[in-house]
Amino acid sequence: MTRDNLFYKIGQVLSQENALLLYSVSTNLNMVFIVSSNMTKIQICLLLFLIPLMGYSQKNILSDMQGLSLNGDMIFELDGYIMTIQKEKAAFNEKGFQKIKKKYHLNDIEREYSDKNVKWENWVIEANTTVKGVPEAKGFQLCYLLPETDNRMMVVLLQSANGRDSLVEKAFMNAVFSRQLSQYTMDSWVAEKIDFAGREIMLGDVCQWVSPHNVHCASFGQMGWSIFKTEKEAELNTLIQIANNNNSGRYKIMHEEELNVIFEGIPTLAKRITYKINTSKLMSGGRNVLAVYYITQKVRGKYLSCVLTHYVEVKDNYSLPILLKEVMSIPT
């Protein structure tokens with residue numbers, strides 16, 4: 001690897017087997033509470049009751065977040081949000097801001113401002129995005145620029161194609177400013193085990209993280225998932241994943257159908273789309289047909305949007321590889 005770049009690392013993982021990329025309030029704030037001498041016992045008891053509740057609710061917001069790091073850069077996934085933290089060579093001025101806008105594709109800008117609630121110097125950019133083929137999707141970008149030296153700044157970018165959640169945004173930024181992200185972050189990209197919506201699955205050492213909540217096992221399949229608060233949000237995310245893959249230009253749709261599967265023990269209706277990769281078999285390791293399953297389901301009290309994929313080795317042979325068998329089966 002010649003570049004110390006988080007997204008270069010993701011590209012390296014993907015290129016190993018032409019894997020299908022599936023996914024295009026602080027946990028511990030340092031607070032000081034001053035108890036006045038003229039406060040009543042009831043007021044003091046109420047204050048002491050609220051302190052743990054505030055900490056619990058903020059921690060709860062980020063409880064399903066997963067992050068990966070590489071040489072100081074980080075990427076996280078939560079509720080359909082993709083959050084990245086990277087260091088960029090750019091001055092903290094208008095010229096530097098324009099450079100960041102261009103590099104991070106911040107095009108349809110809604111507003112720019114300095115967040116007065118942050119004690120550090122900052123510049124915030126809010127922008128809108130769209131998803132081709134999904135008009136109901138309301139994409140959004142929230143970008144915090146934080147100066148570090150004269151010619152370098154930290155870029156914190158939160159992106160969602162599934163609408164805004166101000167609680168998630170505030171919780172994540174508070175975790176950034178209070179340096180509480182390490183508890184959600186893994187340094188190793190080897191996925192020896194995964195927490196799949198509350199169930200631990202052991203995978204050994206043959207699998208790697210492609211991105212947060214997106215694991216690829218060489219010759220054994222790939223799956224990515226997001227956890228949502230509501231069924232509607234999960235369903236919309238699944239539609240977005242279908243649209244992103246269908247419109248990426250990398251694949252030709254060969255066949256699509258709906259079929260009954262058993263997903264985490266639950267009878268589920270899945271959409272299966274068979275794609276031909278727009279490259280030669282030689283370039284794709286001798287295989288250029290993919291079967292992709294799109295699923296929305298409530299599992300252990302959580303609404304999941306999940307995408308599972310594997311190569312089709314023989315025409316019309318949809319036998320599931322080992323990774324997919326861990327969470328899904330197809331009734332005969």
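Binning at 10 angstrom from zero up to the longest distance, how are the C-alpha pair distances of segment 240-325 distributed in percent?
Reading the bins upward from 0: 16, 48, 29, 8, 0.
If you take all C-alpha pairs in segment 89-183, what percent of them are over 18 Å apart?
That fraction is 48 percent.
First measure r as the distance between the Cβ atoms of Ser319 and Gln98, then evaluate 1/(1 + (r/R0)^6) with R0 = 45 Å and state the FRET efficiency to the nearest 0.05.
Numbers: r = 52 Å, r/R0 = 1.15.
About 0.30, to the nearest 0.05.
Using a 7 Å offset from the Cα along the Cα-to-Cβ direction at both Glu192 and Arg300, what is the distance between the two label points in nm, to one decimal?
A separation of 2.0 nm, rounded to one decimal place.
Using the basic label-point model (7 angstrom from Cα toward the beta carbon), what is the Asn260 to Thr230 distance in nanometres?
Those two pseudo-labels are separated by 3.0 nm.
Please report Rg over Rh for segment 129-258, where both radii come from the alpha carbon positions and Rh follows the Kirkwood definition.
Working: Rg = 17.6 Å, Rh = 17.7 Å.
Reported Rg/Rh (Cα atoms, Kirkwood Rh): 1.00.
Testing the spin-label approximation: label points 7 Å from Cα along Cα→Cβ at Glu136 and Met202. State their distance in nm.
It is 4.2 nm.
Quick check on packing: order 113-122, 307-316 by the mean number of other C-beta atoms within 10 Å, highest mean leading.
Working: 113-122: 11.2, 307-316: 17.3.
Top of the packing list down: 307-316, 113-122.
If you average 1/r over every pair of different alpha-carbon atoms in segment 175-330 and take one over that average, what Kirkwood value in Å do you get? Write out the running numbers ahead of the final one.
Details: mean 1/r = 0.0602 Å⁻¹.
Across segment 175-330, the inverse of the average 1/r is 16.6 Å.
Scan segment 208-298 for GluC sites (Glu not before Pro) in coil per DSSP, keeping those whose Cβ has at most 12 other Cβ atoms within 10 Å, and list them by number. Could you put the intermediate results ahead of the total?
Details: sites: Glu231, Glu233, Glu235, Glu256, Glu257, Glu258, Glu264; in loops: Glu264.
Here no GluC sites (Glu not before Pro) fit, given the DSSP loop and packing criteria.
Rounded to the nearest 0.05, what FRET efficiency do Asp150 and Thr185 give with R0 = 22 Å and r taken as the Cβ-Cβ distance? Could you check?
Working: r = 28 Å, r/R0 = 1.29.
The pair Asp150/Thr185 has a calculated efficiency of 0.20.
Quick check: at a probe of 1.4 Å, how many percent of the accessible area of segment 174-332 sits on carbon and sulfur atoms? If you can, show how the numbers build up before the last one.
Details: 3890 of 7630 Å².
Taking all protein chains in place, segment 174-332 shows 51 percent carbon and sulfur surface.
To the nearest 20 Debye, how big is the dipole of segment 229-332 about its Cα centre, given +1 on the beta carbon of each Lys and Arg and -1 on that of each Asp and Glu? Intermediate results must be reported in sequence, preceding the final value.
On the way: 14 positive and 10 negative charges, 54 e Å.
Dipole about the Cα centre, nearest 20: 260 debye.
The values are calculated or read from the model by the stated rules, or taken from the named source; none is laboratory data. Model, not experiment: these values are computed from the prediction. For neighbour counting, all protein chains shown are included, and Cβ atoms are generated from backbone atoms with ideal geometry for every residue, glycine included. With ligands, DNA and RNA removed, areas are computed over all heavy atoms of the protein, side chains included. Shrake-Rupley method; radii C 1.70, N 1.55, O 1.52, S 1.80 Å.
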